[in-house]
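Let me begin by presenting the structure, written as structure tokens, before commenting on it.
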Amino acid sequence: MQKVILSLLAITGIYFVSCTSESGETSEICFETEVRPIISSNCTLSGCHNSIDKVSGYDFSTYEGIMHAVKPGDHSTSELYKVLIHPYKEKPPKPFNPLSEEQKITIAAWIEQGAKYNPNCVSKPCDTTSVTLSRSVRPILNLYCGSCHNSSSPQGGVDFRTYENLRIYIDDSTLTYSINHINGFAMPKNSSKLPACEIGIIQKWIALGAPNN
Ligand code: HEC
């Protein structure tokens, strides 16, 4: 596995920032908690690769759909990765933010590891002690709700970039409804629910009064 990292480093010229366990072994990248959120947050927006619009024939709202753009074990020939680094076809297109280098590496490494649907894969223990907005909740919103609600062209006009804006959806309870898929609300849009751990962290922060900490 070290070899994979080295070749990724060589190809992309960027650092492999995560995915190494304490023992120094590269750990398995989890589809549900690491790969799916990046793809559903950035590629399944309306007018893009969701089950209704299927732009270019791609529906990235399911694992099977994603696999149509993946050659397991070879990220450099996988369409899913190629468009991320393409000089002028870079995805997602403007005005959406491009993926971060870390997100590109996560996708590349997952493909190199065989692009497995590994439902029992555990990426990290669930820590719900001392939950704060900046350390616990923001990273979840960035990963799962990402370019839809954190950009200058927010989907549905719902913009989470400032605390005041985020507070609107806490106070009217739609944040709680949407992550729990209740009362007709369901987010992330066109994707499955957040993992139980992530929902628990957000709920705990809201229960503490949703402080701006
Ligand atoms: C693929 C794009 C996309 C992603 C990812 C996404 N949303 Fe949304 N969100 C929308 C759109 C579009 C709307 C407008 C309502 C609709 O079309 O369902 C919306 C509306 C909302 C609303 C307002 C209530 C409502 O449903 O009208 C809340 C709250 C919300 N989203 C929370 C979230 C949270 C929390 C996440 C991440 C866990 C998330 N969204 C991820 C696209 C997205």
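The values are calculated or read from the model by the stated rules, or taken from the named source; none is laboratory data. Quantities reported herein were computed from a predicted structural model and do not represent experimental measurements. Positions of Cβ are generated from backbone atoms using ideal geometry, with glycine treated the same way; all protein chains shown enter the neighbour counts.
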Legend entry - Members of the range 151-190 that are outside any helix (DSSP H, G or I), β-branched (V, I, T) and near the ligand (Cβ under 8 Å from one of its atoms): V158
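Have a look at I206, I202 and point out the one that is touching a residue at least 40 places away in the same chain (Cβ under 8 Å) and either within 30 Å of N120 (Cα to Cα) or out of contact with any strand residue (DSSP E or B) (no Cβ under 9 Å at 6 or more places or on another chain) (or both). Steps first, answer last, please.
On the way: I206 fails: touching a residue at least 40 places away in the same chain (Cβ under 8 Å).
Among I206, I202, only I202 is touching a residue at least 40 places away in the same chain (Cβ under 8 Å) and either within 30 Å of N120 (Cα to Cα) or out of contact with any strand residue (DSSP E or B) (no Cβ under 9 Å at 6 or more places or on another chain) (or both).
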Legend entry - Extreme residue, nearest to the ligand (Cβ to nearest atom), among residues of the range 117-138 that are at pLDDT 90 or above and not hydrophobic (A, V, I, L, M, F, W, C): R138
